[in-house]
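Nothing in this text is a laboratory measurement; each read-out follows from the coordinates by a stated rule. Just so it is clear, the model here is predicted, and its values are computed rather than measured. Ideal geometry is used to build each Cβ from the backbone, glycine not excepted, and the neighbour counts take in all protein chains shown.
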Amino acid sequence: MKYKNWKKIILNNDNTISDVIKNLNKSSAQIVLVVNKNKKFLGTITDGDIRRGLSRGLSLKSNIIKIVNRSPITVNYEINKLKAKKIMNKNSISHLPILDKFNSKIKGIIILKEISSEEQSFDNPVVIMAGGKGQRLWPITKNCPKPLLKINGETIIEKIIKTCRRQGFKNFCVSINYLGKMIENYLQEGKKLDSKIKYIKEKKFLGTGGSLSLIKENSIKQSPLIVINGDILVNINFKELIDFHIKNKSKATMVVRKSSFQNPYGEVKLQNMKITKFDEKPIRYFFANSGIYCIDFDCLRNLKKNTYYDMPDIFKLLQNKKLKVLAYPLYEEWEDIGDLATYNRISRLEK
């Protein structure tokens, strides 16, 4: 019943946040166990701990001790599956470390998804924005919509749907416009992907968010919705995004990723024409929109139908109405297939 590769998710407390991310991406456990040089258990780290650390200004080079959860729920004896699930469900946790009788050394870990026999399934719809012209990818998008471009024999939109499907999401709305009939003919109703696909058909270009105003209420089984651009490849856990959205009572949540830009010039700071400071090619850090969102359906009632909106416009509109909007920091692998150079690079990597 224990997670068989539990020794591979143990890190020493002198590691960095970057080391944790690499470990999480390699394993299916979605947790790291932290020990000191004497192998004494110090605590755990999950992706939520990483996101909170990044949002308060920590960098990937920061020591993991700054984000360790030092008070996780643990057990110090072997328990059966039923009792383990009861403890985890009662405390709303997904991992249960097993320690020795002194609560000092790690003996293993039980992971909820590993012992759950039933497949997770969610009714929250995933809206894929697939109506753009993809002009930065011309000429290859002149006669083929960007979501149907193939990477290693599989279209971009298939990769998106399969990522969601593996996580238990089966209801999709695909927003189409440019060469939209090709997308509809290719995906049809989603049977070959074991999914249910409906289409939002724009009569004019409505930006990256305007087509959300065309979604009918009776087509939504459960709110909130996941919205994702049709040219993005990402390993994000959508259920955890929804949990974050609901737990924090957000009306709209934007997934953001930490990025940086290095000024190619040295900066000179002045005060009354006196030089006060030199910064040689400084690096600026900022959070960038990843093109992934979680949004309550009732927010869409604020949109005018058939009106052009980019997604940031919708967030500004909701802010102006004093509704709560939040950011969800992303650390997982992410690619925006926005230009020929990126498309060619990703195509080579996946061969």
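Here are the numbers:
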| quantity | calculated |
| --- | --- |
| Mean-position separation - Cα centroids, the stretch 126-153 and the stretch 50-106, in angstrom | 42 Å |
| Highest to lowest packing among 8-14, 75-81, scored as the average C-beta count within 10 Å | 8-14, 75-81 |
| Rel. contact order, % - alpha carbon contacts under 8 angstrom, at least six apart, the chain | 15 percent |
| Net dipole in debye of the chain [+1 Lys, Arg Cβ; -1 Asp, Glu Cβ; about Cα centre; nearest 20] | 620 debye |
| Rounded to 10°, Cα long-axis angle of helix 17-26 versus longest principal axis of the chain | 80 degrees |
| Rel. contact order, % - alpha carbon contacts under 8 angstrom, at least six apart, the stretch 6-115 | 24 percent |
| In degrees, nearest ten, helix 311-320 long axis to first principal axis of the chain (Cα) | 80 degrees |
| Cleavage-rule hits (GluC sites (Glu not before Pro)) in the stretch 98-139: DSSP loop, at most 15 neighbouring Cβ within 10 angstrom | Glu118, Glu119 |
| C-alpha long axis of helix 340-349 to longest principal axis of the chain, angle in ° | 40 degrees |
| Qualifying aspartates and glutamates (Cα of each under 15 Å from Cα of Lys281; at least 8 residues distant if same chain) | Glu267 |
| Label-zone membership for the stretch 67-110, site Lys4, 7 angstrom Cα→C-beta point, backbone N under 17 Å | 108-110 |
| For peptides 145-154, 21-30, 168-177, sequence by mean Cβ density within 10 Å, most packed first | 168-177, 145-154, 21-30 |
| Debye, to nearest 20: dipole size of the stretch 6-115, +1 on Lys, Arg Cβ, -1 on Asp, Glu Cβ | 140 debye |
| Bridge type composition, the chain - antiparallel percent by DSSP, nearest 5 | 60 percent |
| Bridge type composition, the stretch 6-115 - antiparallel percent by DSSP, nearest 5 | 75 percent |
| Under 17 Å from the Cα of Lys85 - aspartates and glutamates, other chains or at least 8 residues apart | Glu114, Glu118, Glu119 |
| Cross-link reach list, lysines versus Lys170, counting only Cα pairs under 19 Å and skipping chain neighbours closer than eight places | Lys113, Lys159, Lys162, Lys191, Lys192, Lys196, Lys198, Lys216, Lys221, Lys239 |
